[in-house]
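Encoded as C-alpha coordinates, the structure appears first; notes follow it.
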Amino acid sequence: MQPRSPLAAIQLFHKELMAVRRDLHANPEMGFQEVRTSGIVAGALAALGIEVHRGIGKTGVVGVIKGQRTDSGKMIGLRADMDALPIHEENAAQYCSTVPGMMHACGHDGHTTILLGTAKYLMQNRNFNGTAILIFQPAEEGLGGAKAMVEDGLFERFPCDAIYALHNWPALPAGVIGINPGPMMAASDKFEITIQGHGGHGAHPYQTIDPIVVAANMVTALQTIVSRNVHPLEAAVLSFGHIHAGAATAASVIPGQAKLVGTVRTFSDEVQKVVEARMRALIESIAQGYGASAEFNYLRNYPATINTASCADFVADVATDLFGADRVVRNLTPSMGSEDFSFMLKKVPGAYFRLGQGGAEDGRFLHNPKFDFNDDVIPAGSATFAALVERSMPL
Ligand code: NI
(Lines give C-alpha, C1' and ligand atoms only; values in the text may rest on other atoms or scores of the structure.)
Protein backbone atom coordinates (compact mmCIF):
# COMPACT_ATOMS: atom_id res chain seq x y z
CA MET A 1 0.00 0.00 0.00
CA GLN A 2 1.27 3.49 -0.85
CA PRO A 3 1.74 5.87 2.09
CA ARG A 4 -0.74 8.74 1.83
CA SER A 5 1.63 11.63 2.53
CA PRO A 6 3.88 12.55 -0.39
CA LEU A 7 6.65 13.17 2.15
CA ALA A 8 6.55 9.61 3.53
CA ALA A 9 6.30 8.16 0.02
CA ILE A 10 9.22 10.18 -1.35
CA GLN A 11 11.40 9.37 1.68
CA LEU A 12 11.27 5.75 0.50
CA PHE A 13 13.40 6.68 -2.53
CA HIS A 14 15.54 9.35 -0.88
CA LYS A 15 18.75 7.29 -1.35
CA GLU A 16 18.10 6.85 -5.05
CA LEU A 17 17.56 10.61 -5.40
CA MET A 18 20.76 11.33 -3.47
CA ALA A 19 22.71 9.23 -5.97
CA VAL A 20 21.19 11.24 -8.84
CA ARG A 21 22.05 14.52 -7.12
CA ARG A 22 25.65 13.50 -6.49
CA ASP A 23 26.10 12.33 -10.07
CA LEU A 24 24.81 15.70 -11.33
CA HIS A 25 27.09 17.46 -8.85
CA ALA A 26 30.14 15.57 -10.13
CA ASN A 27 29.28 16.46 -13.74
CA PRO A 28 28.32 20.15 -13.89
CA GLU A 29 27.45 21.87 -17.16
CA MET A 30 27.15 25.58 -17.96
CA GLY A 31 24.01 27.33 -19.23
CA PHE A 32 22.61 26.05 -22.56
CA GLN A 33 25.27 23.31 -22.51
CA GLU A 34 23.34 20.97 -20.21
CA VAL A 35 23.49 18.12 -22.73
CA ARG A 36 24.37 15.33 -20.31
CA THR A 37 22.12 16.74 -17.57
CA SER A 38 19.08 17.17 -19.82
CA GLY A 39 19.73 13.67 -21.20
CA ILE A 40 19.65 12.23 -17.68
CA VAL A 41 16.46 14.15 -16.91
CA ALA A 42 14.74 13.04 -20.13
CA GLY A 43 15.90 9.45 -19.60
CA ALA A 44 14.63 9.38 -16.01
CA LEU A 45 11.24 10.80 -17.01
CA ALA A 46 10.89 8.40 -19.94
CA ALA A 47 11.83 5.44 -17.72
CA LEU A 48 8.91 6.39 -15.46
CA GLY A 49 6.58 6.40 -18.49
CA ILE A 50 6.28 10.19 -18.52
CA GLU A 51 5.67 12.05 -21.79
CA VAL A 52 8.88 13.98 -22.56
CA HIS A 53 9.43 17.08 -24.72
CA ARG A 54 13.00 18.17 -25.43
CA GLY A 55 14.64 21.16 -27.07
CA ILE A 56 12.37 23.84 -25.61
CA GLY A 57 14.77 26.73 -24.92
CA LYS A 58 17.67 24.76 -26.41
CA THR A 59 18.51 22.22 -23.65
CA GLY A 60 15.19 22.60 -21.78
CA VAL A 61 13.08 19.50 -20.99
CA VAL A 62 9.37 19.29 -20.18
CA GLY A 63 7.63 16.29 -18.66
CA VAL A 64 3.84 15.92 -18.81
CA ILE A 65 1.98 13.85 -16.19
CA LYS A 66 -1.75 13.40 -16.46
CA GLY A 67 -3.68 12.79 -13.23
CA GLN A 68 -6.09 9.89 -12.65
CA ARG A 69 -8.65 12.32 -14.04
CA THR A 70 -8.12 15.33 -16.28
CA ASP A 71 -11.67 16.68 -16.63
CA SER A 72 -10.85 19.68 -14.42
CA GLY A 73 -8.90 20.96 -17.42
CA LYS A 74 -6.35 22.41 -14.99
CA MET A 75 -2.63 22.50 -15.56
CA ILE A 76 0.04 23.24 -12.92
CA GLY A 77 3.68 23.90 -13.79
CA LEU A 78 6.72 23.15 -11.61
CA ARG A 79 10.16 24.48 -12.52
CA ALA A 80 13.71 23.37 -11.72
CA ASP A 81 16.94 24.86 -13.08
CA MET A 82 19.83 22.65 -14.29
CA ASP A 83 22.95 24.78 -14.88
CA ALA A 84 26.22 25.18 -12.98
CA LEU A 85 28.63 28.09 -12.41
CA PRO A 86 32.19 28.97 -13.50
CA ILE A 87 33.59 28.47 -9.97
CA HIS A 88 36.32 26.03 -8.98
CA GLU A 89 35.02 23.70 -6.27
CA GLU A 90 36.86 23.67 -2.93
CA ASN A 91 34.97 20.76 -1.36
CA ALA A 92 36.57 17.37 -0.73
CA ALA A 93 33.49 15.17 -1.13
CA GLN A 94 33.86 12.04 -3.25
CA TYR A 95 31.24 13.36 -5.63
CA CYS A 96 32.78 16.83 -6.05
CA SER A 97 33.05 18.41 -9.49
CA THR A 98 35.14 16.55 -12.06
CA VAL A 99 35.33 19.68 -14.22
CA PRO A 100 38.04 22.17 -13.21
CA GLY A 101 36.68 25.70 -12.81
CA MET A 102 33.06 24.62 -12.86
CA MET A 103 30.70 23.50 -10.11
CA HIS A 104 27.12 23.38 -8.91
CA ALA A 105 27.61 26.25 -6.46
CA CYS A 106 23.94 27.31 -6.46
CA GLY A 107 22.36 23.91 -5.83
CA HIS A 108 20.65 23.55 -9.20
CA ASP A 109 21.78 19.89 -9.07
CA GLY A 110 19.53 19.62 -6.02
CA HIS A 111 16.62 21.43 -7.68
CA THR A 112 16.74 19.12 -10.72
CA THR A 113 16.86 16.07 -8.43
CA ILE A 114 13.96 17.37 -6.33
CA LEU A 115 11.76 17.74 -9.41
CA LEU A 116 12.72 14.23 -10.57
CA GLY A 117 11.61 12.99 -7.12
CA THR A 118 8.31 14.81 -7.56
CA ALA A 119 7.96 13.28 -11.04
CA LYS A 120 8.38 9.75 -9.69
CA TYR A 121 5.86 10.25 -6.89
CA LEU A 122 3.27 11.97 -9.11
CA MET A 123 3.57 9.33 -11.85
CA GLN A 124 3.27 6.46 -9.36
CA ASN A 125 0.21 7.94 -7.64
CA ARG A 126 -1.44 10.37 -10.05
CA ASN A 127 -3.62 11.57 -7.16
CA PHE A 128 -4.92 14.61 -8.98
CA ASN A 129 -7.45 15.80 -11.53
CA GLY A 130 -5.56 17.69 -14.21
CA THR A 131 -2.09 17.81 -15.72
CA ALA A 132 1.28 18.45 -14.08
CA ILE A 133 3.92 20.12 -16.24
CA LEU A 134 7.50 19.52 -15.08
CA ILE A 135 9.79 22.21 -16.47
CA PHE A 136 13.55 21.59 -16.39
CA GLN A 137 15.09 24.83 -17.56
CA PRO A 138 18.61 25.58 -18.74
CA ALA A 139 20.81 28.58 -18.09
CA GLU A 140 19.34 30.29 -15.03
CA GLU A 141 22.72 31.87 -14.18
CA GLY A 142 22.63 35.08 -16.20
CA LEU A 143 21.75 33.68 -19.62
CA GLY A 144 17.95 33.73 -19.26
CA GLY A 145 17.06 30.08 -19.91
CA ALA A 146 13.55 30.70 -18.56
CA LYS A 147 13.11 33.51 -21.09
CA ALA A 148 14.34 31.21 -23.86
CA MET A 149 11.73 28.58 -22.90
CA VAL A 150 8.96 31.20 -22.75
CA GLU A 151 9.98 32.55 -26.18
CA ASP A 152 10.01 29.00 -27.49
CA GLY A 153 6.28 28.79 -26.73
CA LEU A 154 6.41 27.00 -23.36
CA PHE A 155 3.09 28.39 -22.17
CA GLU A 156 1.39 28.19 -25.58
CA ARG A 157 2.22 24.49 -25.68
CA PHE A 158 1.53 23.93 -21.97
CA PRO A 159 -0.94 26.63 -20.84
CA CYS A 160 -0.37 26.39 -17.09
CA ASP A 161 -2.92 27.94 -14.70
CA ALA A 162 -0.17 28.47 -12.13
CA ILE A 163 3.55 27.78 -11.82
CA TYR A 164 5.81 27.14 -8.87
CA ALA A 165 9.57 27.05 -8.36
CA LEU A 166 11.84 26.61 -5.37
CA HIS A 167 15.40 27.56 -4.53
CA ASN A 168 17.49 26.20 -1.70
CA TRP A 169 18.42 28.81 0.91
CA PRO A 170 21.42 28.40 3.24
CA ALA A 171 20.15 31.20 5.51
CA LEU A 172 17.15 29.12 6.62
CA PRO A 173 17.44 25.94 8.70
CA ALA A 174 17.22 22.67 6.77
CA GLY A 175 13.68 21.83 5.69
CA VAL A 176 12.13 25.20 6.59
CA ILE A 177 10.04 26.76 3.81
CA GLY A 178 10.26 30.53 3.31
CA ILE A 179 8.03 32.66 1.13
CA ASN A 180 6.66 36.18 0.77
CA PRO A 181 3.30 37.14 -0.80
CA GLY A 182 4.96 39.79 -3.01
CA PRO A 183 8.56 40.48 -4.00
CA MET A 184 11.04 37.60 -3.63
CA MET A 185 13.96 38.70 -5.80
CA ALA A 186 14.95 42.02 -7.38
CA ALA A 187 15.22 43.07 -11.01
CA SER A 188 18.82 42.85 -12.12
CA ASP A 189 20.03 45.55 -14.52
CA LYS A 190 23.53 46.17 -15.84
CA PHE A 191 24.99 49.54 -16.80
CA GLU A 192 28.12 50.70 -18.59
CA ILE A 193 29.41 54.28 -18.67
CA THR A 194 32.20 55.25 -21.07
CA ILE A 195 33.65 58.68 -20.38
CA GLN A 196 35.55 60.33 -23.21
CA GLY A 197 38.03 62.99 -22.05
CA HIS A 198 41.31 64.18 -23.49
CA GLY A 199 44.52 62.46 -22.41
CA GLY A 200 47.87 64.03 -21.71
CA HIS A 201 50.79 64.41 -19.29
CA GLY A 202 50.09 64.06 -15.59
CA ALA A 203 52.33 67.07 -15.00
CA HIS A 204 50.15 69.21 -17.27
CA PRO A 205 46.55 68.38 -16.34
CA TYR A 206 45.36 71.83 -17.51
CA GLN A 207 46.02 70.59 -21.05
CA THR A 208 43.70 67.58 -20.58
CA ILE A 209 40.10 66.67 -19.82
CA ASP A 210 40.73 64.15 -17.07
CA PRO A 211 38.19 61.27 -17.33
CA ILE A 212 39.31 59.87 -13.95
CA VAL A 213 38.12 62.98 -12.13
CA VAL A 214 34.85 62.81 -14.09
CA ALA A 215 34.47 59.11 -13.19
CA ALA A 216 35.17 59.79 -9.51
CA ASN A 217 32.47 62.48 -9.48
CA MET A 218 30.00 60.13 -11.14
CA VAL A 219 30.66 57.35 -8.61
CA THR A 220 29.95 59.78 -5.78
CA ALA A 221 27.01 61.59 -7.37
CA LEU A 222 25.20 58.40 -8.42
CA GLN A 223 25.13 57.25 -4.77
CA THR A 224 22.65 60.05 -4.09
CA ILE A 225 20.00 58.52 -6.39
CA VAL A 226 19.08 55.84 -3.87
CA SER A 227 19.26 58.22 -0.88
CA ARG A 228 17.69 61.35 -2.50
CA ASN A 229 15.43 60.22 -5.38
CA VAL A 230 13.98 56.87 -4.31
CA HIS A 231 11.16 56.80 -1.75
CA PRO A 232 12.59 55.74 1.62
CA LEU A 233 10.15 52.83 1.90
CA GLU A 234 11.06 51.48 -1.55
CA ALA A 235 14.16 49.41 -2.19
CA ALA A 236 16.96 50.11 -4.66
CA VAL A 237 20.63 49.22 -4.91
CA LEU A 238 23.19 50.84 -7.21
CA SER A 239 26.66 49.28 -7.14
CA PHE A 240 29.76 49.75 -9.25
CA GLY A 241 31.56 46.50 -9.98
CA HIS A 242 34.31 47.69 -12.30
CA ILE A 243 36.22 50.88 -12.92
CA HIS A 244 38.97 51.19 -15.47
CA ALA A 245 41.15 54.02 -16.76
CA GLY A 246 44.77 54.24 -17.78
CA ALA A 247 47.48 51.71 -16.97
CA ALA A 248 49.04 50.71 -13.64
CA THR A 249 52.50 51.35 -15.14
CA ALA A 250 51.62 54.87 -16.32
CA ALA A 251 51.74 57.01 -13.18
CA SER A 252 52.13 60.28 -15.06
CA VAL A 253 49.72 59.71 -17.91
CA ILE A 254 46.20 61.09 -17.80
CA PRO A 255 44.22 58.66 -19.94
CA GLY A 256 41.71 59.70 -22.56
CA GLN A 257 38.94 57.38 -21.46
CA ALA A 258 37.41 55.86 -18.36
CA LYS A 259 34.90 53.05 -18.08
CA LEU A 260 32.52 52.21 -15.25
CA VAL A 261 30.35 49.08 -15.02
CA GLY A 262 27.79 48.23 -12.38
CA THR A 263 24.41 46.86 -11.42
CA VAL A 264 21.05 48.27 -10.34
CA ARG A 265 18.58 46.21 -8.29
CA THR A 266 14.95 47.23 -7.81
CA PHE A 267 11.56 45.62 -7.10
CA SER A 268 9.16 47.99 -8.88
CA ASP A 269 9.01 49.23 -12.48
CA GLU A 270 8.51 52.77 -11.19
CA VAL A 271 11.66 52.80 -9.06
CA GLN A 272 13.60 51.15 -11.89
CA LYS A 273 12.54 53.98 -14.24
CA VAL A 274 13.44 56.68 -11.70
CA VAL A 275 16.92 55.23 -11.13
CA GLU A 276 17.69 54.90 -14.84
CA ALA A 277 16.42 58.42 -15.62
CA ARG A 278 18.35 60.02 -12.77
CA MET A 279 21.51 58.13 -13.74
CA ARG A 280 21.23 59.40 -17.31
CA ALA A 281 20.68 63.02 -16.20
CA LEU A 282 23.60 63.01 -13.74
CA ILE A 283 25.99 61.25 -16.11
CA GLU A 284 25.26 63.63 -18.98
CA SER A 285 25.43 66.78 -16.87
CA ILE A 286 28.59 65.77 -14.97
CA ALA A 287 30.38 64.91 -18.22
CA GLN A 288 29.23 68.16 -19.78
CA GLY A 289 30.30 70.16 -16.73
CA TYR A 290 33.88 68.94 -17.13
CA GLY A 291 33.92 69.31 -20.91
CA ALA A 292 33.91 65.55 -21.40
CA SER A 293 31.30 63.34 -23.03
CA ALA A 294 29.78 60.11 -21.76
CA GLU A 295 28.06 57.16 -23.33
CA PHE A 296 25.54 55.42 -21.07
CA ASN A 297 24.18 51.93 -21.73
CA TYR A 298 21.52 50.56 -19.41
CA LEU A 299 20.53 46.92 -19.91
CA ARG A 300 17.44 45.46 -18.26
CA ASN A 301 18.52 41.89 -17.61
CA TYR A 302 16.14 39.94 -15.32
CA PRO A 303 12.83 41.45 -14.13
CA ALA A 304 11.88 41.33 -10.45
CA THR A 305 10.50 38.02 -9.16
CA ILE A 306 7.11 38.97 -7.72
CA ASN A 307 4.87 36.26 -6.29
CA THR A 308 1.14 36.21 -6.90
CA ALA A 309 -0.16 36.75 -3.34
CA SER A 310 -2.80 33.99 -3.49
CA CYS A 311 -0.27 31.47 -4.86
CA ALA A 312 2.28 32.40 -2.17
CA ASP A 313 -0.35 31.97 0.56
CA PHE A 314 -1.23 28.61 -0.99
CA VAL A 315 2.41 27.45 -0.85
CA ALA A 316 2.60 28.52 2.80
CA ASP A 317 -0.64 26.65 3.62
CA VAL A 318 0.49 23.48 1.82
CA ALA A 319 3.90 23.61 3.53
CA THR A 320 2.26 24.20 6.92
CA ASP A 321 0.15 21.05 6.47
CA LEU A 322 3.23 19.04 5.45
CA PHE A 323 5.79 20.29 7.98
CA GLY A 324 3.94 22.31 10.67
CA ALA A 325 3.51 26.07 11.12
CA ASP A 326 6.85 26.39 12.96
CA ARG A 327 8.63 25.18 9.79
CA VAL A 328 7.15 27.86 7.52
CA VAL A 329 8.23 31.52 7.25
CA ARG A 330 5.41 33.44 5.56
CA ASN A 331 7.03 36.88 5.37
CA LEU A 332 10.57 36.10 4.28
CA THR A 333 12.67 39.20 3.59
CA PRO A 334 13.11 39.52 -0.20
CA SER A 335 16.60 39.19 -1.66
CA MET A 336 18.28 41.81 -3.85
CA GLY A 337 19.58 38.91 -5.94
CA SER A 338 17.73 37.97 -9.11
CA GLU A 339 16.17 34.94 -10.72
CA ASP A 340 14.96 34.32 -14.26
CA PHE A 341 11.82 32.47 -13.07
CA SER A 342 10.60 36.11 -13.14
CA PHE A 343 10.13 35.75 -16.93
CA MET A 344 7.70 32.88 -16.29
CA LEU A 345 5.90 34.78 -13.50
CA LYS A 346 5.36 37.66 -15.95
CA LYS A 347 3.27 35.25 -18.08
CA VAL A 348 1.57 33.00 -15.53
CA PRO A 349 0.47 33.49 -11.89
CA GLY A 350 2.58 31.58 -9.41
CA ALA A 351 5.07 31.63 -6.60
CA TYR A 352 8.76 31.12 -5.92
CA PHE A 353 9.73 29.83 -2.52
CA ARG A 354 12.82 29.01 -0.48
CA LEU A 355 13.75 25.60 0.82
CA GLY A 356 16.01 26.05 3.84
CA GLN A 357 19.15 23.92 3.84
CA GLY A 358 21.46 25.58 6.39
CA GLY A 359 25.15 26.35 5.76
CA ALA A 360 25.09 30.16 5.85
CA GLU A 361 26.37 30.07 9.44
CA ASP A 362 29.65 28.57 8.12
CA GLY A 363 29.90 31.02 5.21
CA ARG A 364 28.82 28.39 2.68
CA PHE A 365 26.31 30.61 0.93
CA LEU A 366 25.18 30.35 -2.70
CA HIS A 367 28.00 30.82 -5.26
CA ASN A 368 30.67 30.07 -2.64
CA PRO A 369 33.36 27.52 -3.71
CA LYS A 370 32.55 25.50 -0.56
CA PHE A 371 28.80 25.49 -1.18
CA ASP A 372 27.13 22.09 -1.47
CA PHE A 373 23.48 21.23 -1.76
CA ASN A 374 22.13 19.54 1.38
CA ASP A 375 20.80 16.11 0.33
CA ASP A 376 18.73 15.86 3.53
CA VAL A 377 16.16 18.34 2.17
CA ILE A 378 15.44 16.54 -1.14
CA PRO A 379 12.26 14.78 0.13
CA ALA A 380 10.90 18.03 1.63
CA GLY A 381 11.33 19.82 -1.71
CA SER A 382 9.85 16.98 -3.77
CA ALA A 383 6.93 16.59 -1.37
CA THR A 384 6.11 20.30 -1.39
CA PHE A 385 6.00 20.32 -5.20
CA ALA A 386 3.88 17.14 -5.22
CA ALA A 387 1.45 18.51 -2.62
CA LEU A 388 1.08 21.73 -4.63
CA VAL A 389 -0.07 19.65 -7.61
CA GLU A 390 -2.39 17.43 -5.58
CA ARG A 391 -3.92 20.29 -3.63
CA SER A 392 -4.32 22.56 -6.70
CA MET A 393 -6.12 19.83 -8.63
CA PRO A 394 -7.87 17.54 -6.12
CA LEU A 395 -9.47 14.34 -7.37
NI1 NI B 1 20.45 29.53 -8.21
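The values are calculated or read from the model by the stated rules, or taken from the named source; none is laboratory data. For clarity, every value in this text was computed on a predicted model and none was experimentally measured. Glycine gets a Cβ as well: all are built from the backbone with ideal geometry, and neighbour counts include every protein chain shown.
The conditions of being of a type outside the set (A, V, I, L, M) and either under 27 Å from residue 22 (Cα atoms) or part of a strand (DSSP E or B) (or both) are met by residue 385. With of a type in the set (S, T, N, Q), surrounded by fewer than 17 Cβ atoms within 10 Å (Cβ to Cβ) and assigned to a helix (DSSP H, G or I) as the only criterion, which of 310, 342 stands out? Testing whether each residue is of a type in the set (S, T, N, Q), surrounded by fewer than 17 Cβ atoms within 10 Å (Cβ to Cβ) and assigned to a helix (DSSP H, G or I) leaves just 310.
Any idea which residue in the range 53-74 is nearest to residue 344 (Cα to Cα), counting only those that are surrounded by 20 or more Cβ atoms within 10 Å (Cβ to Cβ) and over 23 Å from the mean Cα position of the chain (by Cα)? Here the answer is 65. Report, by residue number, each residue of the range 58-87 that is over 18 Å from residue 24 (Cα atoms) and in a loop (DSSP other than H, G, I, E, B). Hits for the range 58-87 are 58, 67, 68, 70, 71, 72, 73, 74.
Consider the range 262-275 and keep the residues that are in contact (Cβ under 8 Å) with a residue 40 or more places away in the chain and among the hydroxyl-bearing types (Ser, Thr, Tyr). The one that is surrounded by the most Cβ atoms within 10 Å (Cβ to Cβ) is 266. Here is a list of conditions, (1) under 30 Å from residue 212 (Cβ atoms); (2) at pLDDT 95 or above; (3) touching a Ser or Thr at 6+ places or on another chain (Cβ under 6 Å), and residue 301 meets all of them except one; can you say which number that is? For residue 301, the failing item is (2). When we screen 172, 122, 115 for residues that are of a type outside the set (Gly, Ala, Ser), more than 18 Å from the chain's Cα centre (by Cα) and modelled with pLDDT of 95 or more, the only hit is 122. Here residue 105 meets the list (1) in contact with a His (Cβ under 7 Å, 6 or more places away or on another chain); (2) more than 14 Å from the ligand (Cβ to nearest atom) almost entirely, failing just condition (2).
Residue 206 meets each of the listed conditions (1) under 30 Å from residue 259 (Cα atoms); (2) within 16 Å of the ligand (Cβ to nearest atom); (3) surrounded by fewer than 22 Cβ atoms within 10 Å (Cβ to Cβ) apart from (2). Examine the range 238-261 for a residue that is under 16 Å from residue 304 (Cβ atoms), surrounded by fewer than 15 Cβ atoms within 10 Å (Cβ to Cβ) and either in the same structural domain as residue 291 (by TED's automatic domain parsing) or out of contact with any Gly (no Cβ under 9 Å at 6 or more places or on another chain) (or both), and state whether such a residue exists. No, every residue in the range 238-261 fails to be under 16 Å from residue 304 (Cβ atoms), surrounded by fewer than 15 Cβ atoms within 10 Å (Cβ to Cβ) and either in the same structural domain as residue 291 (by TED's automatic domain parsing) or out of contact with any Gly (no Cβ under 9 Å at 6 or more places or on another chain) (or both).
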